[in-house]
Each structure stands twice: as structure tokens, then as C-alpha cells.
1. Got at least one residue in region 156-165 being open to solvent by 10 Å² or more (accessible area, probe 1.4 Å), under 15 Å from ARG222 (Cα atoms) and under 19 Å from the mean Cα position of the chain (by Cα)?
2. Considering region 292-303 alone, what residues qualify as being open to solvent by 50 Å² or more (accessible area, probe 1.4 Å) and touching a Lys or Arg at 6+ places or on another chain (Cβ under 9 Å)?
3. Sort out which residues of region 198-238 are under 19 Å from the mean Cα position of the chain (by Cα) and within 24 Å of SER320 (Cβ to Cβ), and write them in order of number.
4. Between residues in region 266-293 that are over 19 Å from LEU235 (Cα atoms) and residues that are among the acidic types (Asp, Glu) and open to solvent by 30 Å² or more (accessible area, probe 1.4 Å), which pairs lie under 9 Å by C-beta distance while being six or more apart or on different chains?
5. Checking VAL119 against (1) in contact with an Asp or Glu (Cβ under 9 Å, 6 or more places away or on another chain); (2) among the β-branched types (Val, Ile, Thr); (3) open to solvent by less than 30 Å² (accessible area, probe 1.4 Å): exactly one of these is not met. Which one?
6. Considering every residue within region 273-291, establish whether at least one is in contact with a strand residue (DSSP E or B) (Cβ under 6 Å, 6 or more places away or on another chain), buried (at least 18 other Cβ atoms within 10 Å of the Cβ) and not in a helix (DSSP H, G or I).
7. Cβ-Cβ below 6 Å, separation at least six or inter-chain, first residue in region 116-137 and in a loop (DSSP other than H, G, I, E, B) and at pLDDT 95 or above, second open to solvent by 10 Å² or more (accessible area, probe 1.4 Å) and not polar (S, T, N, Q): which pairs?
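The values are calculated or read from the model by the stated rules, or taken from the named source; none is laboratory data. All figures in this text were calculated on a predicted structure; none of them were measured in a lab. Don't worry about glycine lacking a Cβ; one is built from the backbone with ideal geometry, like all the others, and counts go over all protein chains shown. Accessible surface is based on the protein model in full, side chains and every heavy atom, while ligands, DNA and RNA are left aside. Shrake-Rupley method; radii C 1.70, N 1.55, O 1.52, S 1.80 Å.
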Amino acid sequence: MLKAGVLGAGHLGKIHLKLLKQSDKYELIGFYDADHENAKKVAEEFGYRAYSDLDELIADADMIDVVTPTLSHFEVAKKVISAGKHLFIEKPITNTFEEAEELIALAEKHDVKGQVGHVERFNPAFQSVANRIENPMFIEAHRLAEFNPRGTDVPVVLDLMIHDIDVILSVVQSEVRNINASGVSVISDTPDIANARIEFENGCVANLTASRISMKNMRKSRFFQRDAYISVDFLEKVCEVVKMKDAPEDPDDFAMILQNAEGVKKQIYFDNPSISPNNAILDELETFADAIVEDQEPVVTLSQGAKALQIANQVIASFSK
């Protein structure tokens, strides 16, 4: 079992603490929180060991799970990596792309592994269809949330849209060619609603909308590719695959047949893949343990987290164009 320490005991930090305690791949040794009153409260309520010194926690651990505000990511991650300890870090990886690049170089120098907490990669609905998404040419994603003051210290792009950016980058094997975006600040000092059109070198276009001032929650993505349409509901954890194949010469009476102007007939098939329920946060933490023990590449590498951040920052930069 890997000795795990958690840095940050806020809302998400407490979830990570609970799951690491449950996992049979980690031994939770304790946590550090800069807010000593909060640290004392969490320790008393849940029985976790609260470290009063961050360096001591790092020294005792094999892996540090960073669940602190984004602005602090870079400095604490540097400490963790420089101490030769493996790093799990919540998204976004850092505040700037340059900081992320420095962490990547540092991790290579100290031969440690790092994973970024892009949890939607572990969503069971997405996992059930990820291997069926092949060369999508149009993608539409909506990520809408009811207002919550937590997270408004960063633009909605870094708070919400970056989830979809990471998912899209994982299935589109092409470089980004152009980005057009707009964002509006309604309640916060930074944009609360944003739309981005991301164009890739291979011709794929992704249209992303994110809002944290909606009346209802929604997390849906749709992938359109040759002869197939794939829908993923990340919130409800359901998915649908609609495929088209050449119609048989003698289709049955209930077959859905489409015919184009050239007379080519296609039959529509509906497929609802089976979905295995999981705890996505636990899965991402445990696959990282596997990557460390088996010396394999993590599912979401530091480089992939950096790329998602780079594109997210390009989206934000295009607001002012």
C-alpha cells in the first residue's frame, strides 16, 4: 500500500480523504491544511491525522494528493516533486501553462509520476463509449451549473469548461488550429458563462458552452462522426450510440431506413452500451496507484493536464479579441 497524504481539507479535499481511507491501494497517513482551525475541525470530526507541518507530511508520504485552490498548486507541487514524491493534483494543473511546463520538467528530472484530476475521463458513461469515438468531426458540449460561490475565484472556463476541453483533446487526435470564444460576467468578477468554438487541423469543430448561473444542471456532450452519433450525459451517467450501416436489400418492417439524394440507403441502429457504476474520483486515485506500482503512464498525465490548461487559457484570451 502506498502511503498517501492529502494537501487541502476543503469540500473536495474531504471527499478525497474519505476515499483514500477506503481504498485498499493506499494507506492514508494524514493531511495538511493551511487553515489550522479547519484542520483541527476535520481531524476531530473524522479522525484523520492533521499535520502541522507540510514538509513533514511530504516526507512521510509516497504520494501527495493536492486539493488546494489553483493559485497555490505550483508552489506546493514543486515541493512535492522536488522531494521525490508522486503527485496527484486537482485540475487545473496550475495557474499558467508556463508553471505546468516547469512541473513536467521537474517530474522528469526527479523520476516521479504525476496525474491531473480530470475526473470526467473516469465517468462511467464516457468510459463505456470512449473506444467507439473514432475521428469525430463535430462535437457539441454543454456544461451548465446552478450558481455556487465556491469556484468563482476563476473564470467559468477553468472552473467548468476545462472538463470538456480535456475530454475532447483525449478523443480528437489533431492539433488546435483556431479558437473563437465569448464570455460574460454576470455575478462574478470573471466570466460566468462562456462559449467557445475550437477548430482542429483535421477539420473537426468543437462547440462548447459552460455556465455557472443556470437554472438547472446539465453535463452533456455529443460526438458526430462518419456513420455514427454518440451522446454522453455525464450528469445522469447514460449514453447512446446511433449508427448507420448500408441497408439490407430486404429490411424488416420495423427497420429505420434513410435514403439520400443519390439513392443510397442506410439503416439506423440504436445501441445503449451497458454502463458499470463506479466512483470516478476513487477510480482516478486508484488507477494512479496502479501507474506508480506498475511503472506505467497515468491515465491523465501532467502533459495532458497542461495541454487542457493551455487551450482553456487560449479560450479566455480570445474573449478580448
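1. For region 156-165, residues open to solvent by 10 Å² or more (accessible area, probe 1.4 Å), under 15 Å from ARG222 (Cα atoms) and under 19 Å from the mean Cα position of the chain (by Cα): present.
2. VAL293, ASP295, GLN296, GLU297, VAL299
3. Of everything in region 198-238, those that are under 19 Å from the mean Cα position of the chain (by Cα) and within 24 Å of SER320 (Cβ to Cβ) turn out to be ILE198, ALA206, ASN207, LEU208, THR209, ALA210, SER211, ARG212.
4. LYS266/ASP227; LYS266/ASP246; GLN267/ASP246; PHE270/GLU240; ASP271/GLU240; GLU286/ASP24; ALA291/GLU297; ILE292/ASP62
5. With (1) in contact with an Asp or Glu (Cβ under 9 Å, 6 or more places away or on another chain); (2) among the β-branched types (Val, Ile, Thr); (3) open to solvent by less than 30 Å² (accessible area, probe 1.4 Å) applied to VAL119, the lone miss is (3).
6. No: region 273-291 contains no residue that is in contact with a strand residue (DSSP E or B) (Cβ under 6 Å, 6 or more places away or on another chain), buried (at least 18 other Cβ atoms within 10 Å of the Cβ) and not in a helix (DSSP H, G or I).
7. What qualifies is HIS118/LYS91; ASN123/ALA280; ILE133/VAL171.
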